[in-house]
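K.L.:
My structure is below; once you've seen it, I'll send some questions.
The values are calculated or read from the model by the stated rules, or taken from the named source; none is laboratory data. These numbers were taken from a predicted model, which means no experiment stands behind them. With ideal geometry, Cβ positions are generated from the backbone for all residues, glycine too; neighbour counts draw on all protein chains shown. Side chains included, ligands, DNA and RNA excluded: accessible areas come from the protein's heavy atoms. Shrake-Rupley method; radii C 1.70, N 1.55, O 1.52, S 1.80 Å.
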Amino acid sequence: MIRISIRKKLHLAGGKGELNIDAELGDYSFTALYGPSGAGKTTLLRIISGLLQPEQGIIEVNGQTWLNTAKKINLPAQKRNIGFVFQDYALFPNMTVQENLLYALPPKVDQSKVKSLLATMGLQNLAHQKPELLSGGQKQRVALARALVRQPQILLLDEPLSALDNITRIQLQNELQNIHQQHQLTTLLVSHHVPEIFKLAGQVIQIDAGQLIKTGTPNEVFGIHTHHEGITLTGEVVTLLPGNIEVLTAYGLISIKPSAQTVGLAMGDKVTIHAADLSLVKLS
Ligand SMILES: Nc1ncnc2c1ncn2[C@@H]1O[C@H](COP(=O)(O)OP(=O)(O)OP(=O)(O)O)[C@@H](O)[C@H]1O
């Protein structure tokens, strides 16, 4: 169990604010951190990893205190058992793929760990390449492998897939799922992509302007809601054709007939579908 309680002053676009988060991550859980730009997601990841210190905070990982500002405990970043993957890969450009992994290898760990990770991540053939020759997906695979070299308990992923094309993104989502299970990680993923969150995460922490808005399963945070107007489903526009709009929801693809209300929609827009918007089409 990871227990986080953080208070940190933030310089927000609209003035001063505070990051104010109390959350728990279950062992081996996959949690998505969701919120608009500037909400404080990266700041929270940097605090968990020890790169940034809050004014007040407690971080406990499986009973071990990593941070307790009241007791002046602050475990340095290199002693926190964390793997961190960033959106921009952050690979060393002057080192080959293999050297990037070797550099991250903790002192007493056998170098064969690097070879086996290169093999399981399908990177053997690229071991002696420099990062500049790799595609975005390959770079991110190297960044993931490098994070795993440290045999982390916790994997922090700061929008690692957002710069990738859709096909590569889906492949890497599948790999992330496997890595999470095989390495028995507790994973915290920053993502803006609702379908990705439904696919990967069991829990969502939604934040805005430094404040915790909602936690729960993806269904509870984005999913079906019933209220006095009937049922609504939340999803993302994935097809936008003159005669057909498709929205990806937790319950699969839903086709909607274009109407006056759908004018101005764009691909990727997050929408709610009201029960009244659904229409039936006879197939034969
Ligand atoms: N060390 C810091 N001290 C105080 N404020 C900070 C610090 N680092 C970032 N901020 C501010 O905190 C706010 C949140 O930044 P952060 O990068 O955590 O947002 P984010 O949710 O990750 O956004 P994005 O999705 O755009 O990456 C921003 O307004 C930023 O200027």
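K.L.:
Whenever you get a sec, line up 28, 89 from highest to lowest accessible area (probe 1.4 Å, protein heavy atoms).
P.N.:
28, 89
K.L.:
Carbon and sulfur: what percent of the chain's accessible surface (1.4 Å probe)?
P.N.:
Here it works out to 52 percent.
K.L.:
Once label points are set 7 Å from the Cα along Cα→Cβ at both residue 244 and residue 70, what is their separation, rounded to one decimal in nm?
P.N.:
It works out to 5.9 nm between the two label points.
K.L.:
For the chain, take the alpha-carbon Rg, divide it by the Kirkwood Rh, and send me Rg/Rh.
P.N.:
Value, to two decimals: 1.01.
K.L.:
In the Gaussian network model of the chain, springs joining C-alpha atoms below 10 Å, which of 37, 49, 259 carries the largest mean-square fluctuation?
P.N.:
Maximum fluctuation in the GNM of the chain, among the listed residues, is at 259.
K.L.:
Going toward the positive end of the dipole of the chain, with +1 on Lys and Arg Cβ and -1 on Asp and Glu Cβ, which of 15, 114, 238 do you reach last?
P.N.:
114
K.L.:
Could you estimate the translational diffusion coefficient of segment 1-126 from the Stokes-Einstein equation, with Rh from the Kirkwood formula over C-alpha pairs, at 4 °C and 1.567 mPa s, in whole µm²/s?
P.N.:
Here the translational diffusion coefficient equals 76 µm²/s.
K.L.:
Take residue 103, project a point 7 Å from its Cα along the Cβ direction, then tell me which residues of segment 63-87 have their backbone nitrogen under 16 Å from it.
P.N.:
Under cut-off, by backbone N: 84-86.
K.L.:
Cut-off 10 angstrom, C-alpha nodes, Gaussian network model of the chain. Which of 128, 193, 180 fluctuates the most?
P.N.:
With Cα springs under 10 Å in the chain, the top fluctuation among 128, 193, 180 is at 128.
K.L.:
Show me the trypsin sites (Lys or Arg not before Pro) within segment 106-201 that DSSP assigns to loop and that have at most 14 other Cβ atoms within 10 Å of their Cβ.
P.N.:
Of the trypsin sites (Lys or Arg not before Pro), the ones in loops of segment 106-201 whose Cβ has at most 14 other Cβ atoms within 10 Å are 108.
K.L.:
Still on this structure: Choose one of 74, 137, 207: the residue whose Cα lies farthest towards the positive end of the charge dipole of the chain (beta-carbon charges +1 Lys, Arg; -1 Asp, Glu; about the Cα centre).
P.N.:
Farthest along the dipole direction, towards plus: 74.
K.L.:
Show me the three semi-axes of the equivalent ellipsoid for segment 80-205, from the C-alpha gyration tensor (sqrt of 5 times each eigenvalue), largest first, rounded to whole Å.
P.N.:
The answer is 23, 17, 12 Å, longest axis first.
K.L.:
Which FRET efficiency value, to the nearest 0.05, do you get for residue 267 and residue 171 by plugging their Cβ-Cβ distance into 1/(1 + (r/R0)^6) with R0 = 22 Å?
P.N.:
With R0 = 22 Å, the Cβ-Cβ based efficiency is 0.60.
K.L.:
Out of all DSSP beta bridges in the chain, what portion is antiparallel? Express it as a percent rounded to 5.
P.N.:
Bridges in the chain are about 70 percent antiparallel.
K.L.:
Work through the residues other than residue 150 whose Cβ is under 15 Å from its Cβ and net out their charges, Lys, Arg +1 and Asp, Glu -1.
P.N.:
+4
K.L.:
Filter 41/214; 79/130; 139/199 down to the pairs with a C-alpha to C-alpha distance above 20 Å, please.
P.N.:
79/130; 139/199
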